[in-house]
Structure formats: C-alpha cells, structure tokens
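Colleague: Once you've had a glance at the structure underneath, I'll fire off some questions.
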Amino acid sequence: MSISIELGNVSVSECECCGKRSHTMRGFVSDDGAAYAVYFAGYTEGHREIMATLVVSLGAWCEGSTPDERECVVMKVRNHRGKIEMMVVGVADCPWDDLQILGRMLERREALESPTIADFFHVADHVIERDHRLRAYLIGERVRTTAHH
Ligand SMILES: [Zn+2]
C-alpha cells in the first residue's frame, strides 16, 4: 500500500456558533495511484480549544462510482499538550451538512464496530501528517506559501 495525498480547495465561511472564520479544506487520497479516499477537514479561527473536524470517506472513488458505494466517518482531531489525538464522533458533531458525495455517514458506535475502522484511522494519520494546512493549525507549523497572494 502506498498512500499519497493531493490537496484540494479551501473555502471560508462564518462559524455557526460564533461568526468567526471557519476554514474547510478538501483533499484526495490515492493508493498506488488509484483513487482511494476523499476527506474534508475544518477548523474555526479563535476557538478556545485547538480542535479540527476530519471526515474521511472510503469506498469506491473511481470514475463512475456513486455515493452509495462509500461510507464516511467523522473525527475530531486535537492537539493535547503537543500530542495529536483523534476521536471518532457521530453525525451530530459534523459541521457540514452537504456531504452526500462522501457516502453514508456512520454514527460513532457503528464506526467503531466497523471492520474497516482501521482503514479510516490509517487515512486520517496520513492526512494529519501530509496536509500542511491542517498541521499548521494543529501544531502551529508554518504554512508553506503558495505563489499567489
Ligand atoms: Zn465558532
């Protein structure tokens, strides 16, 4: 297995709880060059706790596949005293409600009992390692600047 990540676009919206800027980042994961997973990651500037939401979708992501061939799991990712921690949460803790494309969203218990939960964690590990936008938020690493401003 050889996982690689391609960063997708970022959108900014108003946080529902406080009106501050919420960033939603997208990304595409491939395994040996074949589409493997898609994720959404998000956080809000100025929230007291450093806590991001990560939704990982696994299943069929090839050309012509449909959402009912995929499942997604919602996780919260936080920096707890310098250590990145992940926990699976439920549908109610997902800030986005337009994620039909990611497939059926599993409830926490269902996710934890799923035989594929290790695959979701595996993808999440790679995302946290490789998505520098998310890392910048979680651990304060400098974001590599892009050519345009
Ligand atoms: Zn807020």
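The values are calculated or read from the model by the stated rules, or taken from the named source; none is laboratory data. Quantities reported herein were computed from a predicted structural model and do not represent experimental measurements. Methodologically, a virtual Cβ is constructed for each residue, glycine included, from the backbone with ideal geometry; neighbour enumeration extends over all protein chains shown.
Colleague: Report every pair of residues separated by at least 6 positions or lying on different chains whose Cβ atoms are under 7 Å apart, first residue within region 9-24 and without any contact (Cβ under 8 Å) to a residue 12 or more places away in the chain, second within 13 Å of the ligand (Cβ to nearest atom).
Modeller: Qualifying pairs under 7 Å: SER13/SER22; GLU14/SER22.
Colleague: Shifting gears a bit: Of (1) among the hydroxyl-bearing types (Ser, Thr, Tyr); (2) at pLDDT 95 or above; (3) farther than 16 Å from VAL123 by Cβ; (4) more than 12 Å from the ligand (Cβ to nearest atom), TYR39 satisfies all except one. Which?
Modeller: Going through the list (1) among the hydroxyl-bearing types (Ser, Thr, Tyr); (2) at pLDDT 95 or above; (3) farther than 16 Å from VAL123 by Cβ; (4) more than 12 Å from the ligand (Cβ to nearest atom), TYR39 breaks only (3).
Colleague: Given (1) surrounded by 13 or more Cβ atoms within 10 Å (Cβ to Cβ); (2) over 21 Å from PHE121 (Cβ atoms); (3) modelled with pLDDT of 95 or more, where does ASP68 come up short, assuming only one miss?
Modeller: Result: ASP68 fails condition (1) only.
Colleague: In the list GLU45, GLU85, GLU49, which residue meets the criterion of being more than 16 Å from the ligand (Cβ to nearest atom) and among the charged types (D, E, K, R)? Let's see the steps before the verdict.
Modeller: Details: GLU45 fails: more than 16 Å from the ligand (Cβ to nearest atom); GLU49 fails: more than 16 Å from the ligand (Cβ to nearest atom).
Only one candidate passes the filter, namely GLU85.
Colleague: Being within 16 Å of the ligand (Cβ to nearest atom), assigned to a strand (DSSP E or B) and more than 16 Å from TYR137 (Cα to Cα) is true for just one of SER22, SER13, SER57. Which residue is that? Break it down into steps so the answer makes sense when it comes.
Modeller: On the way: SER22 fails: more than 16 Å from TYR137 (Cα to Cα); SER57 fails: within 16 Å of the ligand (Cβ to nearest atom).
So the residue among SER22, SER13, SER57 that is within 16 Å of the ligand (Cβ to nearest atom), assigned to a strand (DSSP E or B) and more than 16 Å from TYR137 (Cα to Cα) is SER13.
Colleague: Is one or more of the residues making up region 119-132 surrounded by 14 or more Cβ atoms within 10 Å (Cβ to Cβ), of a type in the set (Asp, Glu) and outside any loop (DSSP other than H, G, I, E, B)?
Modeller: Taking every residue of region 119-132 in turn, at least one turns out to be surrounded by 14 or more Cβ atoms within 10 Å (Cβ to Cβ), of a type in the set (Asp, Glu) and outside any loop (DSSP other than H, G, I, E, B).
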